[in-house]
Amino acid sequence: MVDIVTRAKNLIMTPKSEWAVISLEPTDTKQLFTGYVMLMAAIPAVCGFIGLTLFLGMFRGAMVLVPGFLVSTVVSYVLSLVAVFVMAKIIPILAPKFGGSDAELPAMKLAAYAPTASWLAGVFLLIPGIGFLAALLGLYSIYLYYLGAIAVVKVPEDKAIVFTIVLFVVALVIFLVIGAVANALRF
């Protein structure tokens, strides 16, 4: 497996050719999670926590809230890992309806690597008030899902746009649930 920095850079800069490499690369779920997903998903979690803590540090007494935000951050991080796993289970169910593969490993590769842009954009959470840039730049992940669906899950190009839209809606629902759970656990 390629190192994490090279993989992330290539997915952003040369996504089509990187998906071709990914499609042929031998790996397994454990390696994808421990070598990529767990590290990349930590970027928005850690940056969001640091940004919020620094912002709250400007106000006296607001630091009392930090332990609650730390718990919320950890819960959000764990739930984001769950989201990748859930997406990896949903993709092989949906892909055959669009002419793609129902194989689990390609689905896991797509679920693991497609959110790369969103995770990298999480660095913008370091500065409160510009977090919206993280959301905007994270939209590039939709394009990564599209390209990965074609290259890895073998969805025909003429059906890949609709497949990607369906995956986006599924991901949106998953992340709305995650957000609700994380907010409910905030102290």
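The values are calculated or read from the model by the stated rules, or taken from the named source; none is laboratory data. Bear in mind the structure is a predicted one, so any value in this text is a computation, not a measurement. Don't worry about glycine lacking a Cβ; one is built from the backbone with ideal geometry, like all the others, and counts go over all protein chains shown.
Observations, loosely collected:
- Leu144 vs. criteria of a type in the set (A, V, I, L, M, F, W, C), out of contact with any strand residue (DSSP E or B) (no Cβ under 6 Å at 6 or more places or on another chain) and without any contact (Cβ under 8 Å) to a residue 24 or more places away in the chain: no
- Scanning the stretch 17-27 for residues that are surrounded by 10 or more Cβ atoms within 10 Å (Cβ to Cβ) and not aromatic (Phe, Trp, Tyr) turns up Ser17, Glu18, Ala20, Val21, Ile22, Ser23, Glu25, Thr27.
Yes/no per residue for (1) in contact with a helix residue (DSSP H, G or I) (Cβ under 8 Å, 6 or more places away or on another chain); (2) under 15 Å from Ser76 (Cβ atoms); (3) surrounded by 13 or more Cβ atoms within 10 Å (Cβ to Cβ); (4) free of Cβ contacts under 8 Å to residues at least 60 places away in the same chain:
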| residue | (1), (2), (3), (4) |
| --- | --- |
| Asp3 | no, no, no, yes |
| Thr6 | no, no, no, yes |
| Lys9 | no, no, yes, yes |
| Thr14 | no, no, no, yes |
| Phe33 | yes, no, yes, no |
| Met38 | yes, yes, yes, yes |
| Ala41 | yes, yes, yes, no |
| Cys47 | yes, yes, yes, no |
| Thr53 | yes, yes, yes, yes |
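- Filter pass, Leu133 being assigned to a helix (DSSP H, G or I), at pLDDT 90 or above and surrounded by 14 or more Cβ atoms within 10 Å (Cβ to Cβ): no
- Residues satisfying the stated conditions in the stretch 148-160, i.e. surrounded by fewer than 22 Cβ atoms within 10 Å (Cβ to Cβ), touching a helix residue (DSSP H, G or I) at 6+ places or on another chain (Cβ under 7 Å) and farther than 12 Å from Ala95 by Cβ: Glu157
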